[in-house]
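*Asks:* Quick one: the structure is below, questions incoming.
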Amino acid sequence: MKIGNKLSQLRKLSGMTQEQLAEKINVSRQTISMWESDSTSPDLESIVKISRIFHVSLDDLLTDADTGVTNRNDEQITLEDLMKINLHNRKMTLLLIGGLIFVMVSALNFAYVFALQSTTLSTQYMLYRYIATGQYASAPVNYMRLMIPSMITGAVGLVLFISYFIKSRKTKKTENHV
């Protein structure tokens, strides 16, 4: 694989645009484009900067793995593997964040209903109700009905948490077997 293809894959894997990479190396976007299309090759200083930016050794960046120039181990991670790992990590992060959001919404809803219940049962409310209507009773509110959204969002959050932990355990088991 030529350096242009490697550079393109590394840049895309990291989620960088050609402009962003050009800023980091202090070259123009067109220069990056020419490097990736193998029209020109980067100078030595730029190659060193690229290897530092993407945390790739100079040997891996410069040698052609397809021709057998390097003595690579079959167990070494390829760029495609890194892309799959990155995608998996993004999905797991979204799952965890989704679970956190649902649990937080549930907790906030529960706190709101609890505060509402406390307020309506307070002495001031009962006195107001007694003065206005002559009834000395608490507000006729079904608080369980108000708790249903809180319970549903809490359940969804817990399901997301459980699925996150199940998937992370499966991932660890498959990594240990490989």
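*Asks:* Set the Förster distance to 30 Å, then compute FRET efficiency between Ser168 and Leu58 from the Cβ-Cβ distance, nearest 0.05. If you can, show how the numbers build up before the last one.
*Replies:* Working: r = 35 Å, r/R0 = 1.15.
Plugging the Cβ-Cβ distance into 1/(1 + (r/R0)^6) gives 0.30.
*Asks:* If each residue of separation counts as 0.36 nm, what is the full-extension length gain between Thr40 and Leu116 once their alpha-carbon separation is subtracted?
*Replies:* Computed gain between Thr40 and Leu116 is 20.4 nm.
*Asks:* Between Met151 and Leu13, what FRET efficiency comes out of the Förster formula 1/(1 + (r/R0)^6) with R0 = 35 Å and r the beta carbon distance, rounded to 0.05? Walk me through the intermediate numbers first.
*Replies:* Numbers: r = 42 Å, r/R0 = 1.20.
Taking R0 as 35 Å, the efficiency between Leu13 and Met151 is 0.25.
*Asks:* What ³J(HN,Hα) values, in whole Hz, does the Karplus curve 6.51 cos²θ - 1.76 cosθ + 1.60 give for the range 35-52 when θ = phi - 60°, with x put for Gly and Pro?
*Replies:* 5, 5, 8, 6, 6, 9, 10, x, 6, 4, 4, 5, 5, 5, 4, 4, 5, 6
*Asks:* Extending each Cα 7 Å along its Cβ direction at Asn5 and Tyr130, get the distance between those two points in nm, one decimal.
*Replies:* 8.6
*Asks:* Another question about this same structure. From the residues Gly15, Ile32, Val48, which one has its Cα farthest along the dipole of the range 10-52 in the positive direction, the dipole being from +1 and -1 charges on Cβ of Lys/Arg and Asp/Glu about the Cα centre?
*Replies:* Of the listed residues, the answer is Gly15.
Every number in this text was worked out from the coordinates using simple rules, so none of it is lab data. The shown structure was predicted, so the numbers you read here are calculated from the model rather than taken from an experiment. Positions of Cβ are backbone-derived with ideal geometry, glycine not excepted, and every protein chain shown enters the neighbour counts.
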